[in-house]
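**Q** I am attaching a structure below and will ask some questions about it afterwards.
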Number of protein chains: 2
Amino acid sequence: MHAYTASRISLSPHSAQPSLPAAFGSETQQPISFFPAGSEIYAQGERAGALYQVEFGAVRIYRLLADGRRQISAFHLAGETFGFEADATHHFFAEAINATGVRTFRLAAGADMSHQLLPLALKGLTRAQEHLLVLGRQNAIERVAAFLVDLGERQGGLRQVELPMSRMDIGDYLGLTIETVSRVFTRLKDKGVIRLLNLRSIEIVKQDVLQAMGE
Amino acid sequence: MHAYTASRISLSPHSAQPSLPAAFGSETQQPISFFPAGSEIYAQGERAGALYQVEFGAVRIYRLLADGRRQISAFHLAGETFGFEADATHHFFAEAINATGVRTFRLAAGADMSHQLLPLALKGLTRAQEHLLVLGRQNAIERVAAFLVDLGERQGGLRQVELPMSRMDIGDYLGLTIETVSRVFTRLKDKGVIRLLNLRSIEIVKQDVLQAMGE
DNA sequence: CTAGCCACTTGATGTGGATCAACAATCCGC
DNA sequence: GCGGATTGTTGATCCACATCAAGTGGCTAG
């Protein structure tokens, strides 16, 4: 893990999401590490033992098959926490999607953080299980609709939704190709459900229709 | 939840899997509930607040879409624990696949079980994320191979693997139809990778080949 | 043993999304 | 602002798996 560690810069932490419980005493307050777009935060197989909270930017968590097929299991936006593992090893890769600031909480060997971690782990488990339904049983348009609704909610429920990630990332998250993602965006636009403001931001015009599509 | 509660019957609990840490004092030792094949253990929307450990039999955890499409997110075999949720509500259905014995641990309101629960939650999270890769990026034969390898490992790594569930259950777990599951079994048989001993048990003939297919 | 049912298998055909192939738009360095 | 690289869109074709449709075999009741 190579980070451009910016020591104790104070950046506005707009934590819209439930943030890491402040049980880390002030003495364990950590500096923010900066990761440029595309840089690795940790790799599969590396030794785990820290938690990461996104301060700004966005992170993708993924696995690879031997032939290069990639499955992104989660995106993490500002305020969200990631990095916990079942054992001492990372089973996934984590990369900054854009220029991203990450606060690292190194887990003290003896400390028992289970009380703080359990809600986060359970939240992640529920999320992953809901994503299983999407990948296992929904078609392309339903997948994209569910994705946009989820992203919109995590950004505060406003009409305008920012897409910090590329079409390829979206495809690898939804189990689709970039061409299909692109075509579905066009279809949703033609139906008047969304508007494409630019490549990386959309406006949800018919929230109810989109919601219904994603079930 | 309607169970045929067998009070304090002592059944051989062949827990091959990491069992629920014995932190439940002996005074909280629970009787075993019996669920006939197909019966509901809990339903989506019900109030949660207990943990369940399979003593014998098998359980499926699933969600439904409005039109009846079903995604099974997990199977639980003897020794495995399920039932924890991120909030006080069940987000999934749990059903006994076969005649199944379940030990129920009701979580005391005040008690802090996070230390015991965290490893289980993290295990489940890793499992779910690995399943995402299967559903998002693997084809039919890879999915079935990965499923058989996983099931084999959970049954102690023997050559013979029991399938407690129907083709429909397997299909709804792997995001395939029963016809495709059946055809893949036939293809694996024709390739000499497995043998179909009967409908509900197979023998893995070429473990290495199967393993490689499931990546 | 026999009848009937249900789960599974096998075959024929259809189709949603992948793949292959241009082309267009956006970004970036100079 | 210009040129090239990168990312996204659109079109044509293909194919893996779904769907539709018969069978087949194994269990259960009588």
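**Q** At 222 nm, what helix-only mean residue ellipticity would chain B give, in deg cm²/dmol to the nearest 500, using -39500 (n - 2.57) for each DSSP H run of four or more?
**A** Rounded to the nearest 500, it is -10000 deg cm²/dmol.
**Q** Which of the helices in chain A, when you take each full DSSP H run, stretch at least 27 Å along the axis at their Cα atoms and have an average Kyte-Doolittle score of 0.0 or higher?
**A** The answer, listed by residue number, is A:114-137.
**Q** In chain B, what percent of the accessible surface is made up of carbon and sulfur (1.4 Å probe, ligands and nucleic acids excluded)?
**A** 53
**Q** When only Cα pairs under 8 Å and 6 or more residues apart are kept, what is the percent relative contact order across chain A?
**A** Here the relative contact order equals 20 percent.
**Q** Let me ask you something else. Total accessible area buried between chains A and B, 1.4 Å probe, in Å² to the nearest 100?
**A** In total, this chain pair buries about 3700 Å².
**Q** Ok, one more. Which residue fluctuates most in the GNM of chain A (Cα springs below 10 Å): A:Asn139, A:Asn198, A:Asn98?
**A** In the Gaussian network model the winner is A:Asn198.
**Q** For B:Ala50 and B:Glu203 in one chain, what is 0.36 nm times their gap in residues minus the Cα-Cα distance, to one decimal in nm?
**A** 51.5 nm
**Q** How large is the Rg to Rh ratio of chain B when both quantities use alpha carbon positions and Rh follows Kirkwood?
**A** 0.97
**Q** For A:Asp87, place a label point 7 Å from Cα along the Cα-to-Cβ direction in every copy; what are the distances to the other copies, in nm, shortest first?
**A** 3.5
**Q** Here is a further query. Please give the residues from region B:51-87 for which the solvent-accessible area of heavy atoms, probe 1.4 Å, is smaller by at least 50 Å² with all protein chains in place than with the chain isolated.
**A** B:Arg63, B:Leu65, B:Arg69, B:Gln71, B:Ala86
**Q** Would you please name the trypsin sites (Lys or Arg not before Pro) within region B:102-178 that are DSSP coil residues with at most 13 other C-beta atoms within 10 Å of their C-beta?
**A** For trypsin sites (Lys or Arg not before Pro) across region B:102-178 that sit outside H, G, I, E and B with at most 13 neighbouring Cβ atoms in 10 Å, the list reads B:Arg159.
**Q** How far apart, in nm, are two points set 7 Å out from the Cα along the Cα-to-Cβ line at B:Thr177 and at B:Gln155?
**A** Output for this residue pair reads 2.7 nm.
**Q** Non-local amide H neighbours of B:Gly79 (under 5 Å, H modeled in plane, Pro and chain starts lacking H): which ones?
**A** Under 5 Å from the amide H of B:Gly79: B:Val54, B:Glu55.
**Q** How many nm separate the modelled label positions at B:Arg195 and B:Glu162, each set 7 Å beyond the Cα in the direction of the Cβ?
**A** Those two pseudo-labels are separated by 2.0 nm.
**Q** Among the lysines, which have Cα under 26 Å from the Cα of A:Lys123 when same-chain residues fewer than 8 positions away are ignored?
**A** Excluding near neighbours in sequence, the set is B:Lys123.
**Q** Right, next: Around B:Tyr42, which amide H atoms from residues at least 5 apart in sequence, or from another chain, sit under 5 Å from its own amide H, with H modelled in the peptide plane?
**A** So B:Tyr42 has HN proximity to B:Ala94.
**Q** May I pose another question? Given +1 on the Cβ of Lys and Arg, -1 on the Cβ of Asp and Glu, and no further charges, what dipole in debye does the protein assembly as shown carry about its Cα centre, rounded to the nearest 20?
**A** 820
**Q** Another question, if that's okay. Suppose you put the label 7 Å out from Cα in the Cβ direction; list, shortest first and in nm with one decimal, how far B:Leu64 is from each other copy's label.
**A** 4.2
**Q** Right, here's the next one. Got the B:Gln160 label distances to the other copies yet, label 7 Å along Cα→Cβ, in nm, shortest first?
**A** In ascending order, 6.6 nm.
**Q** Okay, moving on. Nearest 0.05, what FRET efficiency do A:Leu64 and A:Asp112 give at R0 = 30 Å with Cβ-Cβ as r?
**A** Given R0 = 30 Å and the Cβ-Cβ separation, E is 0.35.
**Q** Got a sec to turn the phi values of region B:48-61 into Karplus ³J(HN,Hα) couplings, 6.51 cos²θ - 1.76 cosθ + 1.60 with θ = phi - 60°, whole Hz, x for Gly and Pro?
**A** 8, x, 9, 10, 10, 10, 6, 8, 8, x, 7, 10, 10, 10
**Q** Per residue, what accessible area does region A:70-133 have, given a 1.4 Å probe and all protein chains present, in Å²?
**A** Accessible surface, normalised per residue, equals 33 Å².
**Q** Charges at C-beta only: +1 for Lys and Arg, -1 for Asp and Glu. How large is the resulting dipole of region A:92-186 about its Cα centre, in Debye rounded to 20?
**A** 120
**Q** Could you state the accessible area per residue of region A:160-215 in Å², with a 1.4 Å probe and every protein chain left in place?
**A** Per residue, region A:160-215 has 50 Å² of solvent-accessible surface.
**Q** Could I ask something else about it? Check the straight Cα-Cα distances from A:Lys206 and name the lysines below 24 Å, setting aside those fewer than 8 residues away within the same chain.
**A** Straight-line reach from A:Lys206, under 24 Å: A:Lys189, A:Lys191.
**Q** Mind jotting down the three principal axis lengths of the protein assembly as shown based on Cα atoms? Whole angstrom, largest first.
**A** Rounded to whole Å, the extents work out to 60, 50, 42 Å.
**Q** Using the charge dipole of the protein assembly as shown (Lys, Arg: +1 at Cβ; Asp, Glu: -1 at Cβ; taken about the Cα centre), state which of B:Gly192, A:Gly83, B:Gly49 has its Cα farthest towards the positive end.
**A** Highest projection toward the positive end goes to B:Gly192.
The values are calculated or read from the model by the stated rules, or taken from the named source; none is laboratory data. Worth saying up front: this structure is predicted, and the values here are computed from it rather than measured. Cβ atoms come from the backbone with ideal geometry, glycine included; neighbour counts cover every protein chain shown. All accessible areas refer to the heavy atoms of the entire protein, side chains included, with ligands and DNA or RNA removed. Shrake-Rupley method; radii C 1.70, N 1.55, O 1.52, S 1.80 Å.
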